[in-house]
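In what follows, a structure is listed as C-alpha cells, so that the remarks can point back to it.
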Amino acid sequence: MGGIDFSKGQSYDGTIIDGGFIYANGPENICNNLINTDAKGKCYVAIPLQSGKTYEAEFYKWNYSSKTIRIGIGIKNDSTTQQGSVTILKSAIMSGYVNESNPSQYIGADMCLSFMQSSLSTNVTIPVGTSGNPTQGFKALISQAVSGCKVINGRVRFRVNSGNLLKCKIFFVEDGSDWEKRAGLTSLISINDLNLYDEAFEVPKTYYEQGGSTGLYKYIQRYGPIGTEPQIFALGNGAGKVVTDKYNTDEFEEPEYTLPFERKGNMANWGIVYTFYGTNPNAKKVKLTPLGKKLPAVYVVKENGIWKKVTATQLSPATLTLTGGTTFWFILPGGNGGEVKIQYVE
C-alpha cells in the first residue's frame, strides 16, 4: 500500500487563509489548579497577527474544574495609541455534557458542520491597550460560559483589517462580570503549569504527560490523490519532539508558537481540511473506515459540493456517493480518533 504525496495549501471554500490555522487542544483538561492565578485563568496562545491576513482559530477543551468558566478566542491589542479592526467571517461554538447518547465526537462534528455552513461579515473594533478602558485592549470574537464536566469546541475565521500590535488569544477564565478584562490579562501556560497534576485523572498524571497540540500552522489544507488501493491517513508517529509522517508525505507540519510540550504537532490533524481525488475516473463511491479505538467516528465531509456529517464504525463504514467527479473534502472534528482508511470503489 503506497502512501499519499500531499500538497499543502492555504485556501479552501474560496477563501485564502494566508495567516494560518491556530489550534489548541492541549492541555485538553481545565482543572482548578489552572484557574488559581491573578487573572483566574490562562491562555494557550498569544500569536502575533499581521494586518491584511486571514486566520482561522479553533480549540477543543473540557472543563473539569468546580467553576463555571468562560472559554473563547479573542484579540489583544498591545498598542496604547492605535485601535485595531478585524472582521469575523465564520464562527461556531458548542458545548455539552458527554454520555453514551452524546459522545464528545458528536459535539465536535456538530460544531464543525455549523462552522462550515456559517457566513458572516461582522466588523469588530479592538480597543487600545490602556488601563483606561474596561477590557485592557482585549475583545473576544467567540466565547461561552461552561459549567463543570462539559466539553466545549469553538472555531472562528477572521480577517485583520488594521492594527500592528494585535495578538490572537485562546483563553479560559472563571466567569464573572469582568471576564473579558481578565481574559486579556491572562498569561501563557508555562512549563510549571504543565507540571501540575491533571486532576481529572484517577491515576495522577501531569498535564505535560497528557501531551497536546497547540500552535500556529501555516497550512490549513492538504490535497492528495488516491489510486485503486485503499489509503490510511490522519495519525502521526510521535518520534522524539516532533510529530512525523507515518503513512504519507507532508501530512503533518510542526507548528510555531507551541507550548513547551515534549511532542509538537497536531497528532491527528483535527480541523485540517483534506481534499482527496480518485485517480480512477470510474470510481463513484468512497468508503471511510475508522481504524482507531474511539467509535463511532463522526466526520465532516463535503460531498458533491455540500457539507455534511457522516457516522462510521469499522463494521459499518461511511459511504459517499460522488456524482460530479471523484473529489471530496474531509475534516476530522475534535473528539474523534485519527487513522482513517479511504477506499474508492466503482
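Read through the list (1) in a loop (DSSP other than H, G, I, E, B); (2) open to solvent by less than 50 Å² (accessible area, probe 1.4 Å); (3) in the same structural domain as Leu315 (by the TED database), then give the number of the only condition that Ala200 fails.
(3)
Answer yes if at least one residue in segment 255-269 is in contact with a Phe, Trp or Tyr (Cβ under 9 Å, 6 or more places away or on another chain), of a type outside the set (A, V, I, L, M), more than 19 Å from Val45 (Cα to Cα) and buried (at least 16 other Cβ atoms within 10 Å of the Cβ), and no otherwise.
The answer is no, given that none of the residues of segment 255-269 is in contact with a Phe, Trp or Tyr (Cβ under 9 Å, 6 or more places away or on another chain), of a type outside the set (A, V, I, L, M), more than 19 Å from Val45 (Cα to Cα) and buried (at least 16 other Cβ atoms within 10 Å of the Cβ).
Quick check on Lys150: is it outside the structural domain of Val273 (by the TED database) and closer than 28 Å to Pro103 by Cα?
Numbers: outside the structural domain of Val273 (by the TED database): yes; closer than 28 Å to Pro103 by Cα: yes.
Yes; evaluated as a whole, the condition is true for this residue.
Given the conditions (1) modelled with pLDDT of 95 or more; (2) closer than 16 Å to Trp179 by Cβ, report the number of the one that Cys112 does not fulfil.
Answer for Cys112: the failing condition is (2).
Among the residues of segment 270-303 satisfying the criterion of being assigned to a loop (DSSP other than H, G, I, E, B) and basic (Lys, Arg), which is modelled with the highest pLDDT? Before the answer, list the steps.
First, pick out the residues of segment 270-303 that are assigned to a loop (DSSP other than H, G, I, E, B): 270-272, 279-284, 291-296.
In the following step, the residues that additionally are basic (Lys, Arg) were identified as 284, 293-294.
Numbers: Lys284: 92, Lys293: 79, Lys294: 78.
Of everything passing the filter in segment 270-303, Lys284 is modelled with the highest pLDDT.
Determine, yes or no, whether Lys264 is within 18 Å of the chain's Cα centre (by Cα) and more than 20 Å from Pro333 (Cβ to Cβ). If you could, list the steps in order and put the result at the bottom.
Values: within 18 Å of the chain's Cα centre (by Cα): yes; more than 20 Å from Pro333 (Cβ to Cβ): yes.
Yes: the conditions hold for Lys264.
Filter segment 165-181 down to the residues that are under 15 Å from Lys40 (Cα atoms) and either part of a loop (DSSP other than H, G, I, E, B) or of a type in the set (S, T, N, Q) (or both) and list them by number.
Within segment 165-181, Asp175, Gly176, Ser177, Asp178 qualify.
Among the numbered criteria (1) touching a Lys or Arg at 6+ places or on another chain (Cβ under 8 Å); (2) at pLDDT below 95, which single criterion is violated by Ala200?
All conditions are met except number (1).
Among the hydrophobic types (A, V, I, L, M, F, W, C) and either modelled with pLDDT of 95 or more or under 24 Å from Tyr106 (Cβ atoms) (or both) - does that describe any residue in segment 203-212?
First pass over segment 203-212, keeping only residues among the hydrophobic types (A, V, I, L, M, F, W, C): 203.
Among the residues that remain, those that are also either modelled with pLDDT of 95 or more or under 24 Å from Tyr106 (Cβ atoms) (or both) are: none.
No, that holds for no residue.
Taking the stated definitions as given, is Tyr97 open to solvent by 20 Å² or more (accessible area, probe 1.4 Å) and either touching a Gly at 6+ places or on another chain (Cβ under 8 Å) or not basic (Lys, Arg) (or both)? Reasoning before the result, please.
Working: open to solvent by 20 Å² or more (accessible area, probe 1.4 Å): yes; either touching a Gly at 6+ places or on another chain (Cβ under 8 Å) or not basic (Lys, Arg) (or both): yes.
Yes: the conditions hold for Tyr97.
Quick check on Cys43: is it over 17 Å from Gly215 (Cα atoms) and either at pLDDT 95 or above or open to solvent by less than 10 Å² (accessible area, probe 1.4 Å) (or both)? Before you say what the answer is, go through the steps one by one.
Values: over 17 Å from Gly215 (Cα atoms): no; either at pLDDT 95 or above or open to solvent by less than 10 Å² (accessible area, probe 1.4 Å) (or both): yes.
No; evaluated as a whole, the condition is false for this residue.
Hey, could you check segment 37-55 for residues that are under 18 Å from Ile88 (Cα atoms) and hydroxyl-bearing (Ser, Thr, Tyr) and say which is nearest to the chain's Cα centre (by Cα)?
Tyr55
Restricted to segment 115-164, and to residues that are aliphatic (A, V, I, L, M) and either at pLDDT below 95 or outside any strand (DSSP E or B) (or both), which residue is most open to solvent (accessible area, probe 1.4 Å)? Spell out the reasoning first.
Here is the first cut: in segment 115-164, the ones aliphatic (A, V, I, L, M) are 116, 120, 124, 126, 128, 140-142, 145-146, 151-152, 156, 160.
Filter again for either at pLDDT below 95 or outside any strand (DSSP E or B) (or both), leaving 116, 120, 128.
Values: Met116: 8, Leu120: 72, Val128: 34 Å².
Restricting to residues being aliphatic (A, V, I, L, M) and either at pLDDT below 95 or outside any strand (DSSP E or B) (or both), the top hit is Leu120.
Looking only at segment 199-234, count every residue that is hydrophobic (A, V, I, L, M, F, W, C) and more than 18 Å from Glu28 (Cα to Cα) and tell me the total. Write out each step before concluding.
First pass over segment 199-234, keeping only residues hydrophobic (A, V, I, L, M, F, W, C): 200-201, 203, 216, 220, 226, 232-234.
Imposing the further condition that a residue be more than 18 Å from Glu28 (Cα to Cα) reduces the set to 220, 226, 232-234.
Looking only at that region, the number is 5.
Applying the selection to segment 10-29, what residues are out of contact with any Ser or Thr (no Cβ under 8 Å at 6 or more places or on another chain) and either outside any loop (DSSP other than H, G, I, E, B) or open to solvent by 30 Å² or more (accessible area, probe 1.4 Å) (or both)?
Gln10, Ser11, Asp13, Gly14, Gly20, Phe21, Ile22, Glu28, Asn29
The values are calculated or read from the model by the stated rules, or taken from the named source; none is laboratory data. The structure presented is a predicted model; accordingly, all values stated were derived computationally and were not measured. For neighbour counting, all protein chains shown are included, and Cβ atoms are generated from backbone atoms with ideal geometry for every residue, glycine included. SASA here: full protein model, heavy atoms, side chains in, ligands and nucleic acids out. Shrake-Rupley method; radii C 1.70, N 1.55, O 1.52, S 1.80 Å.
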